[in-house]
Every structure is written in structure tokens, then in C-alpha cells.
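Participant: Before I ask anything, here is the structure I am working with.
The values are calculated or read from the model by the stated rules, or taken from the named source; none is laboratory data. The shown structure was predicted, so the numbers you read here are calculated from the model rather than taken from an experiment. Neighbour counts run over all protein chains shown; Cβ positions are idealised from the backbone, glycine included. These accessible areas exclude ligands, DNA and RNA; they are computed on the full protein's heavy atoms, side chains included. Shrake-Rupley method; radii C 1.70, N 1.55, O 1.52, S 1.80 Å.
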Amino acid sequence: MYQLSRLGRDRYPHRYGEFTISFLDTLMETVGEEQVTEILQKQWQIKALEYRQKIGQGTIKERINNLVNIRQVEGYMAELHIVKRSQEPEQFVLAEHNCAISDVAVSFPNICGHELEMFSAILPDCIVERTHWINNGEHSCGYLIKSK
């Protein structure tokens with residue numbers, strides 16, 4: 001008898017995003033937009049705590065590198081670019097070439113706003129700005145991160 005492994009399942013078509021979108025639509029009809037927004041906000045707060053624990057202490061660059069590694073494991077095809085500018089604090093661009101939640105983000109774009117808030121929360125000594133957004137037709141999502 002054979003059994004398909006978790007890695008093998010990824011080779012077959014799946015429609016997880018469709019289920020999530022349908023679930024969120026049903027939730028909106030049942031409890032309303034305000035409640036769904038609160039639920040999503042709470043989810044990102046929980047995720048931010050998890051990320052904060054995983055990225056640990058260290059320099060800004062070390063913590064952002066840890067964040068990039070976490071996002072890679074989650075399927076975001078993340079990479080870090082260092083912005084070199086004289087006379088300015090260190091700046092980084094976190095680029096994500098794949099979005100693990102892109103199907104959901106099309107129907108519920110405010111999810112991406114929560115993601116931006118989450119990055120700001122886990123890097124409280126930094127300013128985080130979105131520079132690119134897949135939802136706007138760009139090829140990646142990008143975040144400029146600079147120390148305050």
C-alpha cells in the first residue's frame with residue numbers, strides 16, 4: 001500500500017484559496033464586515049507574536065534576515081536587498097515574489113494592510129512602507145524597511 005506524502009500533495013492541483021474565500025464570504029454574510037475585520041486583525045496580531053519570537057533579538061539586519069527565512073518557509077519566495085545610501089541609516093527592501101495568500105488578497109485586499117501592520121509591529125524600531133504590491137499588477141510585493 002502506498003500513501004501520498006505531504007510533499008507529494010503539492011504536486012497535485014489544489015484550490016485552498018477558493019475554500020478560504022468562500023469561508024470569508026460566508027463569515028461576512030453571517031457576522032458582518034466589521035466582525036470579519038476584527039477577526040483578521042486578531043489573526044495578524046497572533047502571527048506577529050509568533051514572528052517576533054522567531055526573529056529574536058539582534059541587529060535590524062539579523063532580524064530582517066530571520067523574517068525573510070520565515071517567509072521563505074511559508075512560500076513567499078522572499079529575499080532581502082540592502083539599500084546603500086551614504087549619510088542615511090541602513091535601509092532594506094524585503095521582496096516577496098510569490099504570495100501564499102494571493103487568491104484571498106484579491107477578494108479581501110485589507111488582508112495585505114494587516115500584513116503591513118504586522119511587519120511594523122514585529123520591527124518596532126523600524127519604519128516599514130509598501131513599495132510594490134502584487135494586487136496592483138506588479139510582479140512582487142516589496143517593503144522598504146529603515147530604522148527610525
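Participant: Name the one entry in Cys112, Cys99 that is modelled with pLDDT under 90, outside any helix (DSSP H, G or I) and buried (at least 16 other Cβ atoms within 10 Å of the Cβ). If you could, list the steps in order and put the result at the bottom.
Facilitator: Working: Cys112 fails: outside any helix (DSSP H, G or I).
Result: Cys99 is the single residue among Cys112, Cys99 that is modelled with pLDDT under 90, outside any helix (DSSP H, G or I) and buried (at least 16 other Cβ atoms within 10 Å of the Cβ).
Participant: Right, next: Hey, among Lys146, Lys47, which residue is outside any helix (DSSP H, G or I) and out of contact with any Ser or Thr (no Cβ under 9 Å at 6 or more places or on another chain)?
Facilitator: Values: Lys47 fails: outside any helix (DSSP H, G or I).
Answer to the check: Lys146.
Participant: Pick from Met118, Met77: which is among the aliphatic types (A, V, I, L, M) and closer than 24 Å to Asp25 by Cα?
Facilitator: Answer to the check: Met118.
Participant: Next up: Starting from residues that are over 22 Å from Pro89 (Cβ atoms) and not aliphatic (A, V, I, L, M), keep the ones in region 118-137 and report whichever is surrounded by the fewest Cβ atoms within 10 Å (Cβ to Cβ).
Facilitator: Gly137
Participant: Still on this structure, I have one more. Looking at (1) under 20 Å from Ala121 (Cα atoms); (2) touching a residue at least 40 places away in the same chain (Cβ under 8 Å); (3) surrounded by fewer than 13 Cβ atoms within 10 Å (Cβ to Cβ); (4) not basic (Lys, Arg), which is the one condition that is false for Val93?
Facilitator: (3)
Participant: I'd like to know if region 30-38 contains one or more residues that are at pLDDT 90 or above, in contact with a His (Cβ under 6 Å, 6 or more places away or on another chain) and either in a helix (DSSP H, G or I) or not small (Gly, Ala, Ser) (or both).
Facilitator: No, the conditions are met nowhere in region 30-38.
Participant: Being in a helix (DSSP H, G or I) and within 25 Å of Ile122 (Cβ to Cβ) is the requirement here; does Gln41 meet it?
Facilitator: Values: in a helix (DSSP H, G or I): yes; within 25 Å of Ile122 (Cβ to Cβ): yes.
Taking the combined requirement at face value, the residue satisfies it.
Participant: In contact with a helix residue (DSSP H, G or I) (Cβ under 7 Å, 6 or more places away or on another chain), modelled with pLDDT of 90 or more and over 18 Å from Arg130 (Cα atoms): is that true of Gly17 in this structure? Working first, answer last.
Facilitator: Working: in contact with a helix residue (DSSP H, G or I) (Cβ under 7 Å, 6 or more places away or on another chain): yes; modelled with pLDDT of 90 or more: no; over 18 Å from Arg130 (Cα atoms): yes.
For Gly17, the condition - in contact with a helix residue (DSSP H, G or I) (Cβ under 7 Å, 6 or more places away or on another chain), modelled with pLDDT of 90 or more and over 18 Å from Arg130 (Cα atoms) - is not met.
Participant: I'm trying to understand the selection: among the residues of region 51-90, which are open to solvent by 70 Å² or more (accessible area, probe 1.4 Å), under 30 Å from Gly17 (Cβ atoms) and in a helix (DSSP H, G or I)?
Facilitator: Arg52, Gln53, Lys54, Asn69, Gln72, Val73
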